[in-house]
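The values are calculated or read from the model by the stated rules, or taken from the named source; none is laboratory data. What you see is a predicted model; the values in this text were computed from it and never measured. Here the Cβ positions follow ideal geometry from the backbone for every residue, glycine too, while neighbour counts run over all protein chains shown.
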């Protein structure tokens, strides 16, 4: 009878420990998903600014149609990649796709902004100046949100890799989450000059 009570006590302690591990991992996963939602808000803001920026530049850059079309195409690809990433934050494939699409959009915007330097009237346009200011502000917000997301993903990954959670994380469905790292092209905002 004593052996039975000891076994029941051990099983109860193990069940409580497993429940604590599970609850902690759920909390951390929800935190990194919320952190990604903050990135998503800023990306949507950025994507909404791009057509306005292109529209403001259209009248001045009539001979630069390819550049304007490249910016819109890169924006559309980034919107699609952001949608996939929002559906599954932390998924390595979705994060890689978003990283690549964002790099493409950043490159296209950089080209547009560099091209606008050659058109003094465009550079002095109040609407264009306001949009470029908003874009620079949004780029900073994205960088801060990405850092917060990466911090929460790191915290989650660390918790799932620690003992004893490492024994239970996989069977309970808690896989590793991917960071949203920038590469050389997308880690810095497009140069916005006035």
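Please tell me if residue 60 is buried (at least 16 other Cβ atoms within 10 Å of the Cβ) and in a helix (DSSP H, G or I). Full working, then the answer.
Working: buried (at least 16 other Cβ atoms within 10 Å of the Cβ): yes; in a helix (DSSP H, G or I): no.
No.
Table: residues versus (1) under 18 Å from residue 41 (Cβ atoms); (2) touching a strand residue (DSSP E or B) at 6+ places or on another chain (Cβ under 9 Å); (3) at pLDDT 80 or above.
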position	(1), (2), (3)
122	no, no, no
142	yes, no, yes
155	no, no, yes
180	yes, no, yes
ask   = Failed condition for residue 74, given (1) under 20 Å from residue 139 (Cβ atoms); (2) in contact (Cβ under 8 Å) with a residue 40 or more places away in the chain; (3) within 19 Å of the chain's Cα centre (by Cα), with all others met?
value = (2)
task = Name, by its number, the condition in (1) free of Cβ contacts under 8 Å to residues at least 60 places away in the same chain; (2) assigned to a helix (DSSP H, G or I); (3) farther than 20 Å from residue 48 by Cα that does not hold for residue 118.
result = (2)
message = Can you say whether residue 34 is farther than 27 Å from residue 149 by Cα and part of a helix (DSSP H, G or I), as far as the supplied structure shows?
response = no
inquiry  = Go through segment 151-173 and report how many residues are crowded, with 17+ Cβ neighbours inside 10 Å and under 25 Å from residue 39 (Cα atoms).
reply    = 6
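Name the single residue, out of those in segment 77-93 being in a helix (DSSP H, G or I) and in contact (Cβ under 8 Å) with a residue 24 or more places away in the chain, that is surrounded by the most Cβ atoms within 10 Å (Cβ to Cβ). Full working, then the answer.
Looking only at segment 77-93, we keep the residues that are in a helix (DSSP H, G or I), and these are 77-87, 92-93.
Right, trim to in contact (Cβ under 8 Å) with a residue 24 or more places away in the chain and you get 77-79, 82, 85-86, 92.
Working: 77: 17, 78: 24, 79: 17, 82: 23, 85: 26, 86: 17, 92: 13.
Restricting to residues being in a helix (DSSP H, G or I) and in contact (Cβ under 8 Å) with a residue 24 or more places away in the chain, the top hit is 85.
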